[in-house]
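Below you'll find the structure, written out as structure tokens, and then a few comments.
Computed from the coordinates by the stated procedures, all read-outs in this text should not be read as laboratory data. All values derive from a computational prediction rather than experimental measurement. Neighbour counts run over all protein chains shown; Cβ positions are idealised from the backbone, glycine included.
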Amino acid sequence: MRDAAFTLVKQYYQAFNAGDMPAFLDLLTDDVIHDINQGGREIGKEAFAAFMTRMNQCYEEQLVDIEVMVSADGQRAAAEFVVLGRYLNNDEGLPPAKGQQYRLPAGAFFVLRDTKVARISNYYNLNDWLEQVGGV
């Protein structure tokens, strides 16, 4: 179970980095819970897809230095990584986008069910990002 969980999380990030949204979304349960960094909670694959559409319009990101850790029972996982990004288009409530580049340490926690991601909670330092894009 641990190996399958490890592989699932790696596939999640491979699909993200490839920009393969159909493959990325296929790794989620239909009732996936998405805890947005310093934001709300969204439930369902449709809500997650809408979130990713907005993100992909506003940001260009690649995740590097990805380290995945999995619980003994394979039902939970965590990942630490670095986000290399560019702020392309204005995102609501954030500073104006001018193509600013950023490098941001981040992490995520997963709940896994039936070989899919059932919950994803992402964390990064928003103030660090704001400083890097000139918003503070």
message = Once R0 is set to 22 Å, what does the formula 1/(1 + (r/R0)^6) return for the Cβ-Cβ distance between D65 and Q38, expressed as a FRET efficiency to the nearest 0.05?
response = 0.50
note = Expressed in angstrom and rounded, the centroid-to-centroid distance over alpha carbons for region 68-126 and region 2-32 is 13
inquiry  = Students often get this wrong: which residues of region 56-92 have the backbone nitrogen under 12 Å from the point 7 angstrom along Cα-to-C-beta of L25?
reply    = none
remark   = Once normalised by the length of the chain, the mean sequence separation of its alpha carbon contacts under 8 Å that are 6 or more apart gives a contact order in percent of 25
ask   = For A4 and N122, what is the calculated FRET efficiency with R₀ set at 22 Å and r taken between the beta-carbons, to the nearest 0.05?
value = 0.50
key: Point-charge dipole on Cβ atoms (K/R +1, D/E -1) for region 1-49, about Cα centre, debye to 20   = 200
task = Find how much the distance from Q57 to L88 grows on full extension, using 0.36 nm per residue of separation minus their present alpha carbon separation; answer in nm with one decimal.
result = 10.4 nm
note = CD proxy, 222 nm, the chain: helix-only mean residue ellipticity via -39,500 (n - 2.57) per DSSP H run with n ≥ 4, per residue, nearest 500, stands at -10000 deg cm²/dmol
Qualifying lysines (Cα of each under 28 Å from Cα of K45; at least 8 residues distant if same chain) = K10, K116
remark   = Rounded to the nearest whole number, the per residue volume of the convex hull around the C-alpha atoms of the chain in Å³ is 95
